[in-house]
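A single structure is presented below for examination.
The values are calculated or read from the model by the stated rules, or taken from the named source; none is laboratory data. Keep in mind that this is a model prediction, so the values were computed, not measured. Glycine gets a Cβ as well: all are built from the backbone with ideal geometry, and neighbour counts include every protein chain shown. What goes into the accessible areas is simple: the full protein's heavy atoms, side chains included, and nothing from ligands, DNA or RNA. Shrake-Rupley method; radii C 1.70, N 1.55, O 1.52, S 1.80 Å.
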Amino acid sequence: MNKKNTKRMLRIVFILASISSLWFVPWILVKAWILPLPDTVQEQVDEAIGHGFDGMIVYVDQAGKPPELYAAGWHDRKKKIPAYPQALFKIASITKLYIAVATTKLVKEGRLSLDKTLAEYFPELASRIENADKITLRMMVQHRSGIPNFVDHPDYWIKPPKSRQETLEYALDLPADFEPGEDYGYSNTNYMLLEDLIDKTLGYSHQQYIKEEILKPLGLKHTYGSLSEVPIDNVMSGYYAGIETDFKTEDTGLMLATAEDVGKFLRALNDGSVFKEGEQDIYSSIYVYEHTGLLPGYQSIAKYFKDIDTVVIQFNNTTNFNGYDWNLAEIVYNRIVKIVRRKKSS
């Protein structure tokens, strides 16, 4: 084969390979990203439902303006109840922000120490968690402990735990993910142990402490510690792609709240009004000021944008861990922020 024919053949192969690669492009994400930006947040939320989300709630709080709430899709698709902004939502790992604030307050009170070890706080677990004598409370808050994440255990989704102890068992007697303090590894186990430690220190539940020390002072009347505290019909239904099951009744032990309550908390976290004197310096040294959450049927994003002094909370009640739902939610969220920024500058 001469050089001319070789070049022609390579060109054909390249073209065919390029065409074939198009099958693997996530076109749903491309479409969501390149569509013209709507004029209003409500139009963007409505558009999101067209991407496959069953329901969505958005809260926008711009300094100097009344907060705005938006909703679209279904609160409960079986009962044909439309989504509404005041619904309760499972906020999943956004709960960690409240736990980190509670930990901060107890550290400031001298009831907890960031430098004490896991082995000191939980001697009964010292032989079941590698490096327990090196892992400090600070490392646990910061996800720098190396303790395995219980949701990563191969049996976690096959044989879902039925109790708190069963959940913890999925993280025990395993090799550490890394040496304490040497790396970062997001682990729900850290915060499960922090909750247990707060309970142990106080002699009563961390949910009650959060209510008394965080929620009440901020006037947050629509935030709850667990599903058992709320009327189930007030909770937005949660769906997993391709499954008819409504995950609303699954009690995860994590918090529930309205988008407005989460927004008010996030504002207070970022402007420091959730803290007493000396607490914010401690918090800033150990944890973050924004968070996301993910559970079967529930995705949430909570962020504060300093440059426009704005809090944006987004809840959507459709998930697909093997699909593009999380990426879609982030695209929608970023487009909402763009709309807010554009209006701010106009």
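Going by what's in this entry, would residue 289 be described as at pLDDT 95 or above and in contact with a Lys or Arg (Cβ under 8 Å, 6 or more places away or on another chain)?
Working: at pLDDT 95 or above: yes; in contact with a Lys or Arg (Cβ under 8 Å, 6 or more places away or on another chain): no.
Spelling it out, it is not the case that residue 289 is at pLDDT 95 or above and in contact with a Lys or Arg (Cβ under 8 Å, 6 or more places away or on another chain).
To continue, here is another question. Within the range 153-207, can you find the residues that are of a type in the set (Asp, Glu) and either closer than 30 Å to residue 221 by Cβ or touching a residue at least 40 places away in the same chain (Cβ under 8 Å) (or both)?
Our first condition is that a residue be of a type in the set (Asp, Glu); within the range 153-207, this holds for 155, 166, 169, 173, 177, 179, 182-183, 195-196, 199.
Passing the criteria: 173, 179, 195, 196, 199.
So, in the range 315-333, how many residues would count as being acidic (Asp, Glu) and surrounded by 21 or more Cβ atoms within 10 Å (Cβ to Cβ)? Full working, then the answer.
From the range 315-333, those acidic (Asp, Glu) are 325, 330; that's our starting set.
Filter again for surrounded by 21 or more Cβ atoms within 10 Å (Cβ to Cβ), leaving 325.
Residues in the range 315-333 being acidic (Asp, Glu) and surrounded by 21 or more Cβ atoms within 10 Å (Cβ to Cβ): 1 in total.
Could you count how many residues in the range 43-71 are aromatic (Phe, Trp, Tyr) and touching a Leu at 6+ places or on another chain (Cβ under 8 Å)?
Step one: filter the range 43-71 for residues aromatic (Phe, Trp, Tyr), giving 53, 59, 70.
Now drop any that are not touching a Leu at 6+ places or on another chain (Cβ under 8 Å), which leaves 53, 59.
Qualifying residue count for the region: 2.
Before we move on, is residue 261 touching a residue at least 12 places away in the same chain (Cβ under 8 Å) and under 26 Å from residue 308 (Cβ atoms)?
Details: touching a residue at least 12 places away in the same chain (Cβ under 8 Å): yes; under 26 Å from residue 308 (Cβ atoms): yes.
Spelling it out, residue 261 is indeed touching a residue at least 12 places away in the same chain (Cβ under 8 Å) and under 26 Å from residue 308 (Cβ atoms).
Next up: Could you tell me whether residue 85 is part of a loop (DSSP other than H, G, I, E, B) and at pLDDT 95 or above?
Numbers: part of a loop (DSSP other than H, G, I, E, B): yes; at pLDDT 95 or above: yes.
Yes; evaluated as a whole, the condition is true for this residue.
What number of residues within the range 161-178 are assigned to a loop (DSSP other than H, G, I, E, B), open to solvent by 80 Å² or more (accessible area, probe 1.4 Å) and of a type outside the set (D, E, K, R)?
To start, the set of residues in the range 161-178 that are assigned to a loop (DSSP other than H, G, I, E, B) comprises 161-163, 170-173, 175-178.
Adding the requirement that they be open to solvent by 80 Å² or more (accessible area, probe 1.4 Å) leaves 162, 173, 175, 177.
Then drop every residue that is not of a type outside the set (D, E, K, R), which leaves 175.
Count: 1.
For every residue, the table says whether it meets (1) among the aromatic types (Phe, Trp, Tyr); (2) within 24 Å of residue 285 (Cβ to Cβ); (3) open to solvent by 10 Å² or more (accessible area, probe 1.4 Å).
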residue	(1), (2), (3)
42	no, no, yes
59	yes, no, no
63	no, no, yes
75	no, no, no
79	no, no, yes
85	no, no, yes
124	no, no, yes
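For the range 123-133, does any single residue satisfy the condition of being assigned to a helix (DSSP H, G or I), charged (D, E, K, R) and under 25 Å from residue 266 (Cβ atoms)?
Taking the range 123-133 first, the residues assigned to a helix (DSSP H, G or I) are 123-125.
Subsequent filtering for residues that are charged (D, E, K, R) retains 124.
Still in the list and also under 25 Å from residue 266 (Cβ atoms): none.
Within the range 123-133, not a single residue is assigned to a helix (DSSP H, G or I), charged (D, E, K, R) and under 25 Å from residue 266 (Cβ atoms).
Give the residues of the range 31-68 that are assigned to a loop (DSSP other than H, G, I, E, B) and either touching a residue at least 40 places away in the same chain (Cβ under 8 Å) or small (Gly, Ala, Ser) (or both), sorted by residue number.
Step one: list which residues in the range 31-68 are assigned to a loop (DSSP other than H, G, I, E, B), which gives 35-40, 51-54, 63-67.
Correct list: 37, 38, 39, 40, 51, 52, 53, 54, 63, 64, 67.
Can you tell me which residue in the range 251-273 is surrounded by the fewest Cβ atoms within 10 Å (Cβ to Cβ), limited to those that are within 27 Å of residue 323 (Cβ to Cβ) and among the hydrophobic types (A, V, I, L, M, F, W, C)?
It comes out as 254.
Select, from 171, 176, the only residue that is over 19 Å from residue 111 (Cα atoms), aliphatic (A, V, I, L, M) and touching a Phe, Trp or Tyr at 6+ places or on another chain (Cβ under 6 Å).
Working: 176 fails: touching a Phe, Trp or Tyr at 6+ places or on another chain (Cβ under 6 Å).
Unique residue meeting the criteria: 171.
Another question, then. Could you check the range 80-106 and list, in sequence order, the residues that are among the polar types (S, T, N, Q) and over 25 Å from residue 68 (Cα atoms)?
Filtering the range 80-106 for residues among the polar types (S, T, N, Q) gives 86, 93, 95, 103-104.
Listed by number, the residues that qualify are 103, 104.
So, in the range 179-224, of the ones that are among the acidic types (Asp, Glu) and within 22 Å of residue 260 (Cβ to Cβ), which residue ends up surrounded by the most Cβ atoms within 10 Å (Cβ to Cβ)? Steps first, please.
Within the range 179-224, the first condition is being among the acidic types (Asp, Glu), and the residues that meet it are 179, 182-183, 195-196, 199, 212-213.
Those left that are additionally within 22 Å of residue 260 (Cβ to Cβ): 212-213.
Values: 212: 11, 213: 18.
The selected residue is 213.
Right, next: Just a yes or no: is a residue in the range 224-244 of a type in the set (Ser, Thr, Tyr) and without any contact (Cβ under 8 Å) to a residue 12 or more places away in the chain?
Among the residues of the range 224-244, not one is of a type in the set (Ser, Thr, Tyr) and without any contact (Cβ under 8 Å) to a residue 12 or more places away in the chain, which makes the answer no.
OK, next. Test each condition in (1) hydrophobic (A, V, I, L, M, F, W, C); (2) buried (at least 21 other Cβ atoms within 10 Å of the Cβ); (3) touching an Asp or Glu at 6+ places or on another chain (Cβ under 6 Å) for residue 135 and report the one that comes out false.
(3)
(1) part of a helix (DSSP H, G or I); (2) aliphatic (A, V, I, L, M); (3) open to solvent by less than 20 Å² (accessible area, probe 1.4 Å): which one isn't true of residue 147, the others all being true?
Checking residue 147 against (1) part of a helix (DSSP H, G or I); (2) aliphatic (A, V, I, L, M); (3) open to solvent by less than 20 Å² (accessible area, probe 1.4 Å), the one that fails is (1).
Which members of the range 225-250 meet the condition of being among the small types (Gly, Ala, Ser), part of a loop (DSSP other than H, G, I, E, B) and open to solvent by 60 Å² or more (accessible area, probe 1.4 Å)? Let's see the steps before the verdict.
The first filter runs over the range 225-250 and keeps only residues among the small types (Gly, Ala, Ser), leaving 225-226, 228, 237-238, 241-242.
If we keep only those that are part of a loop (DSSP other than H, G, I, E, B) as well, we get 225-226, 237-238, 241-242.
Within the range 225-250, 242 is the sole residue that qualifies.
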